[in-house]
Amino acid sequence: MDGSRMVTVSALQFACSDDINTNVDKAERLVRDAHKKGANIILIQELFEGYYFCQAQREDFFLRAKPYKEHPTIIRMQKLAKELGVVIPVSFFEEANNAHYNSIAIIDADGTDLGLYRKSHIPDGPGYQEKFYFNPGDTGFKVFQTKFAKIGVAICWDQWFPEAARAMVLQGAEILFYPTAIGSEPQDQVLDSSDHWKRVMQGHAGANVVPLVASNRIGKEIIKTEHGDSAITFYGNSFIAGPTGEIVASANAVDEDILVAEFDLDKIKLKRQSWGVFRDRRPELYKVLLTLDGQIPPS
């Protein structure tokens, strides 16, 4: 036994139009290019079928939602994954009867749909009015056994919560993936959260001793709202972090990019085991995490 299990991961970064076919064509082109670079697991950004529509609260935008089963973009990516022998998490706006979710389907390297994760943490602020569209996810945090690795996948705002990362790694996730749509703040054009955004996720990688992949979009998107036009300039900065939180590949704020990095999962597993952060956990002391106000009711 050589103690080596190599996997190559990729994060894509591109600007979206508001035309589904154009965006899915672009995603496919970049997936193919990532495969040519040796990628086994390829992450596409959040809600890549169109503009990030959550800048506005508009009834007509619910028409963008589609049911999970027989979703045309998922089916297309299943065929692509099978052809190339790669794993592709596919983000989409899900309609489930009268509920709606910000969801992701995990497609294995043989084209099999391994299941669904629904975004758990739903933001609500200027430019990011997701609570108007999305129910809070009900799947819980999950891991998926793919051909190349057991992976945990969460979505955008989830990435600010260390509990989500820890929950996935406790279930055996060897790599964390976060598709994202984040950029400027319409109410404060000088606020740039990109460094904060990266550091938080680098902390997840380091605290859990696993690699982490974050994919974000670029470009300026203008959405008509009930109060006039709203604009967000998405700041890219997609990156791949190693198991101590170090950034091993990164994109800039403006250019289309394909990031690729290779990891030895068996070597990282030994580091994770020997570092002791999972050996020395004290779950019985963490009950306060099950509260909102930090007050544990008397038993």
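The values are calculated or read from the model by the stated rules, or taken from the named source; none is laboratory data. No experiment lies behind these values; they were computed from the predicted model shown. Note that we place each Cβ from the backbone using ideal geometry, even for glycine, and neighbour counts take in every protein chain shown. Heads up: the accessible areas ignore ligands, DNA and RNA and are worked out on the full protein's heavy atoms, side chains in. Shrake-Rupley method; radii C 1.70, N 1.55, O 1.52, S 1.80 Å.
The single residue among Asp138, Asp124 that is open to solvent by 40 Å² or more (accessible area, probe 1.4 Å), farther than 30 Å from Asp266 by Cβ, without any contact (Cβ under 8 Å) to a residue 12 or more places away in the chain and of a type outside the set (S, T, N, Q) turns out to be Asp124.
When Thr244, Thr233, Thr225 are screened for being surrounded by fewer than 20 Cβ atoms within 10 Å (Cβ to Cβ), more than 30 Å from Asp18 (Cβ to Cβ) and of a type in the set (Ser, Thr, Tyr), only Thr244 passes. Sort out which residues of the range 213-249 are under 15 Å from Ala11 (Cβ atoms) and free of Cβ contacts under 8 Å to residues at least 40 places away in the same chain, and write them in order of number. Result: Gly242, Val248. Note on the range 84-114: among residues that are more than 16 Å from the chain's Cα centre (by Cα) and of a type in the set (Val, Ile, Thr), the one that is most open to solvent (accessible area, probe 1.4 Å) is Thr112.
Filtered by the rule that a residue be free of Cβ contacts under 8 Å to residues at least 24 places away in the same chain and either in contact with a His (Cβ under 6 Å, 6 or more places away or on another chain) or over 13 Å from Asn237 (Cα atoms) (or both), the range 171-212 gives Asp188, Gln189, Val190, Leu191. Please determine whether any residue of the range 257-266 is exposed (fewer than 12 other Cβ atoms within 10 Å of the Cβ) and acidic (Asp, Glu). No, the range 257-266 has no match at all.
Having 1 or more residues that are more than 18 Å from Val248 (Cβ to Cβ) and open to solvent by less than 20 Å² (accessible area, probe 1.4 Å) is the bar; report the strands (runs of 3 or more DSSP E) wholly within the range 142-216 that clear it.
Working: elements: 143-145, 150-153, 175-179, 212-215.
Filter on the range 142-216 gives 143-145, 150-153, 175-179.
The residues of the range 30-50 that are over 25 Å from Ile222 (Cα atoms) and among the charged types (D, E, K, R), listed by number, are Arg32, Asp33, Lys36, Lys37.
Across the range 283-299, not a single residue is classified as under 19 Å from Ala149 (Cβ atoms), loosely packed, with under 14 Cβ neighbours inside 10 Å and modelled with pLDDT of 95 or more.
Tell me, please, whether a residue that is more than 14 Å from Glu256 (Cβ to Cβ), touching a Cys at 6+ places or on another chain (Cβ under 7 Å) and free of Cβ contacts under 8 Å to residues at least 60 places away in the same chain can be found in the range 33-51. Yes; the residues of the range 33-51 include at least one that is more than 14 Å from Glu256 (Cβ to Cβ), touching a Cys at 6+ places or on another chain (Cβ under 7 Å) and free of Cβ contacts under 8 Å to residues at least 60 places away in the same chain.
When you look at Phe278, is it surrounded by fewer than 14 Cβ atoms within 10 Å (Cβ to Cβ), among the aromatic types (Phe, Trp, Tyr) and at pLDDT 95 or above, yes or no?
Numbers: surrounded by fewer than 14 Cβ atoms within 10 Å (Cβ to Cβ): yes; among the aromatic types (Phe, Trp, Tyr): yes; at pLDDT 95 or above: yes.
Spelling it out, Phe278 is indeed surrounded by fewer than 14 Cβ atoms within 10 Å (Cβ to Cβ), among the aromatic types (Phe, Trp, Tyr) and at pLDDT 95 or above.
Taken together, Ala181, Ala149 contain a single residue that is more than 30 Å from Gln55 (Cβ to Cβ) and hydrophobic (A, V, I, L, M, F, W, C), which is Ala149. Do the conditions hold for Asn252, that is, is it over 17 Å from Gly206 (Cβ atoms) and surrounded by 14 or more Cβ atoms within 10 Å (Cβ to Cβ)? When the stated conditions are applied, Asn252 does not pass them.
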